[in-house]
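Working notes, beginning with the structure itself.
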Amino acid sequence: MARPKREKKPKAISSTQSLGAFVKGICDIMRRSNCASALQYVPELTWILFLRLLDAQETRDREEAEALGRTDFVPALRSPYRWQDWAAPYSDKPGHPKTPEGKPVGWKRQELFAAGDGKLFDFINKELLPSLHGLDLDAATGLPRAGATPKQRIIGRIMTAVERVRVDSEANLRDIFDRVDEISVDNIDDTHFFTLSQVYEDLLLKMGEKNSDGGQFFTPREVIRAMVHTVDPKLGQTIYDPCCGTGGFLAVAYEHIARKLGAAPLSTDLDALKHDTFFGREKENLVIPITLANLVLHGIDQPNLWHGNSLTRRATYGALFDKAPKQFDVILTNPPFGGKEGKDAQKNFAFETSSTQVLFVQDILAELAPKGTCAIVLDEGMLFRTNESSFVETKRKLVDECDLWAIVSLPGGVFSTAGAGVKTNLLFFTKGKKTERIWYYDLSHVKVGKKTPLTLAHFGFDKDGKPLADSALPANLTADWLEQEENAGKPFPSYARLLSLRGKAEADSRYSWTIDFSARRAKAREEMQPILAQAAETKAEVIDLKEELKRLKKLKTSDAEVAALIGEISEKEKAARELEAQAAAIDAAVFDLKAVNPSTVAKFDDRSPAEIIQSIHDQGRIVAEALARLAALVENDDASLPMVDVARR
């Protein structure tokens, strides 16, 4: 008698690599179904994946509530709009799971399949999506719906950009559903979906590849991790990103704090971390749903995101931001650089400019709480530009109100993986104390690119934020150092190793140095004083000459004398302006914060033209001799072979 076949259990997806290959297979189906680019298939996968995991989470929460005898569990979605109703695979075999109402899982999907081709699309586009959109918005008024739970608002926001299914084949769509259904709490080994979130991060990175504008929303995660390790945010602090893109800074900060809470955190601590800690703003309609999904996948059940333009203050949707404080303890961000803002944004700031990053720095200074700390990515231009008053005055405000305690100079190719080659720096500052000394660390000597990105190890950190041993540091970080005989046996001066020593002489090395900013300002004031005094004296002379001019005009002195005096006044006014401009240039130069490593050894070729020509000739002779020897070896080898073998060759 034949034994009945057992239903095959889904294979465990326990590693980032295996899950990555699994998700890639899903994306391949989407690519052949009207989702050719990452900007098309990532948003499509986002909402499908989110609804799958939402269903798994709600099922788990319902079962936990029932096990504890609680009756207060209220699901965010009800039949037939749950994944288990319309998307999960159906089976009529014994043992197939059932919904809470006792129907077979996948019953609605089977019903739609039996009704004929096109019915699945009709249900999703005409029933499911309108229902999900209505969770947070009143269809009649377009305003946030009163009484919606935070989870329902998040669902509505994630679905807001989904007007209809983009996949153009129901057969392919069902195949996608079957595969996504295998991604569950049971066969992913991390209860917070960290493995899945890493794979999702890789998908977001694809949005920033060549010929895509998604790179503006993606900061390399290893750079973010280094910034988070440096600031070391803690439970109880509010963490904010005013231009959060896909949520990378908030997600990494969550991982950092959750790791420090350990394997068995208090439920109250976990609740505070998931609900009351992370805040962000983002204006792009395409990105907001992806950001929310990314944060939920990382474990932040309730992301407090404001949808709108941070600089104009105009909100598209602000209901998720109701609990946000006026100021934040930690700000982690990478504002857009190179953007141009209109007058509606500029008018909100003291130092008006069209440069986006300058306005964001002013915005951050207002939103950073006293004793709060900010880590920010800024382009090189922001640091060295002193020819525009808004740049200078913004930096003046920064160093007057905050202690700018570290600047890290990054290599030029760090952002090439996200479609940008701009030279950037990391700035760290704490509000409430004027800047006196700035510690610099230079990583610009490291050669990086798309295939050799900057890693956390280049900063000298391990994954937990502890300094790495020299043996674990990348070769392209330490190679130049090890070439110097005087460094033999010495520990490499990595950023992570020296960070805790900043402010002390031991923090300075071949790659790091300290600027006495107070002394720089004092020196500038000393240089400016005689120039400004001369300008004031010249202005006083102008006042006297103008009084003389009035007297001459009353006396009806000759036109020639009047004209001569007017000319003298004009010359002295010009001289005073030039003196003031000279003093202003000295003052502005103080705020050139660009990292210029004083230990860099410049290599110059001081050979004469004749010596260079001779060197080229010598190298050519060496190459010619080597080729001649190689040709002789080949000829001798051929001569020693039988004729038939030579012919075959």
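The values are calculated or read from the model by the stated rules, or taken from the named source; none is laboratory data. Predicted, not measured: the structure shown is a model, and the values here were computed from it. Virtual Cβ from ideal backbone geometry, glycine too; neighbours counted across all protein chains shown. With ligands, DNA and RNA removed, areas are computed over all heavy atoms of the protein, side chains included. Shrake-Rupley method; radii C 1.70, N 1.55, O 1.52, S 1.80 Å.
So the values come out like this:
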{"item": "Tally of residues being of a type in the set (A, V, I, L, M, F, W, C) and part of a loop (DSSP other than H, G, I, E, B) across the stretch 433-469", "result": "6"}
{"item": "Residue tally, condition open to solvent by less than 20 Å² (accessible area, probe 1.4 Å), touching a Ser or Thr at 6+ places or on another chain (Cβ under 8 Å) and at pLDDT 65 or above, over the stretch 202-239", "result": "4"}
{"item": "Looking only at the stretch 503-515, and only at residues there that are open to solvent by less than 70 Å² (accessible area, probe 1.4 Å) and small (Gly, Ala, Ser), the one that is nearest to Val408 (Cα to Cα)", "result": "Ser512"}
{"item": "Some residue of the stretch 131-147 being closer than 20 Å to Leu53 by Cα, β-branched (Val, Ile, Thr) and within 41 Å of the chain's Cα centre (by Cα)", "result": "no"}
{"item": "Residues of the stretch 485-533 that turn out to be without any contact (Cβ under 8 Å) to a residue 40 or more places away in the chain and within 19 Å of Tyr441 (Cβ to Cβ), as a count", "result": "13"}
{"item": "Failed criterion for Asp592 (all others in (1) open to solvent by 100 Å² or more (accessible area, probe 1.4 Å); (2) at pLDDT 80 or above; (3) within 30 Å of Ala507 (Cα to Cα) hold)", "result": "(1)"}
{"item": "Among the residues listed as Ser518, Ser512, the single one being farther than 30 Å from Thr452 by Cβ and among the hydroxyl-bearing types (Ser, Thr, Tyr)", "result": "Ser518"}
{"item": "Verdict on Leu593 being outside any helix (DSSP H, G or I) and either touching a Leu at 6+ places or on another chain (Cβ under 9 Å) or of a type in the set (Phe, Trp, Tyr) (or both)", "result": "yes"}
{"item": "Residue satisfying condition, being within 25 Å of Glu506 (Cβ to Cβ) and in contact (Cβ under 8 Å) with a residue 24 or more places away in the chain, within set Leu365, Leu383, Leu427", "result": "Leu427"}
{"item": "Failed item in (1) among the small types (Gly, Ala, Ser); (2) assigned to a helix (DSSP H, G or I); (3) more than 24 Å from Phe218 (Cβ to Cβ), with Ala251 passing the rest", "result": "(3)"}
{"item": "Number of positions in the stretch 470-512 that are aromatic (Phe, Trp, Tyr) and part of a loop (DSSP other than H, G, I, E, B)", "result": "2"}
{"item": "Residue count for the stretch 102-139, restricted to those that are over 30 Å from His275 (Cβ atoms) and either open to solvent by 50 Å² or more (accessible area, probe 1.4 Å) or acidic (Asp, Glu) (or both)", "result": "11"}
{"item": "Identity of the residue in the stretch 272-320, at pLDDT 90 or above and of a type in the set (Asp, Glu), that ends up least open to solvent (accessible area, probe 1.4 Å)", "result": "Glu282"}
{"item": "The stretch 243-282: number of residues that are of a type in the set (D, E, K, R) and under 15 Å from the mean Cα position of the chain (by Cα)", "result": "2"}
{"item": "Residue within the stretch 419-432 that is touching a Phe, Trp or Tyr at 6+ places or on another chain (Cβ under 8 Å), closer than 24 Å to Thr373 by Cβ, part of a loop (DSSP other than H, G, I, E, B) and at pLDDT 95 or above present", "result": "no"}
{"item": "Count - residues of the stretch 479-504 that are within 22 Å of Met227 (Cβ to Cβ) and not aromatic (Phe, Trp, Tyr)", "result": "10"}
{"item": "Test: Pro100 is in contact with a Lys or Arg (Cβ under 6 Å, 6 or more places away or on another chain), at pLDDT 85 or above, assigned to a loop (DSSP other than H, G, I, E, B) and not basic (Lys, Arg)", "result": "no"}
{"item": "Answer residue from the stretch 349-360, given it is farther than 19 Å from Asp241 by Cα and of a type outside the set (Gly, Ala, Ser) and is least open to solvent (accessible area, probe 1.4 Å) among those", "result": "Thr353"}
{"item": "Of residues in the stretch 464-484 being free of Cβ contacts under 8 Å to residues at least 60 places away in the same chain and among the charged types (D, E, K, R), the one surrounded by the fewest Cβ atoms within 10 Å (Cβ to Cβ)", "result": "Glu483"}
{"item": "The stretch 59-96, subset open to solvent by less than 80 Å² (accessible area, probe 1.4 Å), touching a Gly at 6+ places or on another chain (Cβ under 9 Å) and in a loop (DSSP other than H, G, I, E, B), residue farthest from Phe177 (Cα to Cα)", "result": "His96"}
{"item": "The stretch 537-563 - residue that is of a type in the set (A, V, I, L, M, F, W, C) and surrounded by 13 or more Cβ atoms within 10 Å (Cβ to Cβ) and, of those, farthest from Val590 (Cα to Cα)", "result": "Leu552"}
{"item": "Residue under evaluation Ser500, criteria (1) farther than 17 Å from Glu222 by Cα; (2) of a type outside the set (D, E, K, R); (3) surrounded by 15 or more Cβ atoms within 10 Å (Cβ to Cβ); (4) out of contact with any Gly (no Cβ under 8 Å at 6 or more places or on another chain), criterion not met", "result": "(3)"}
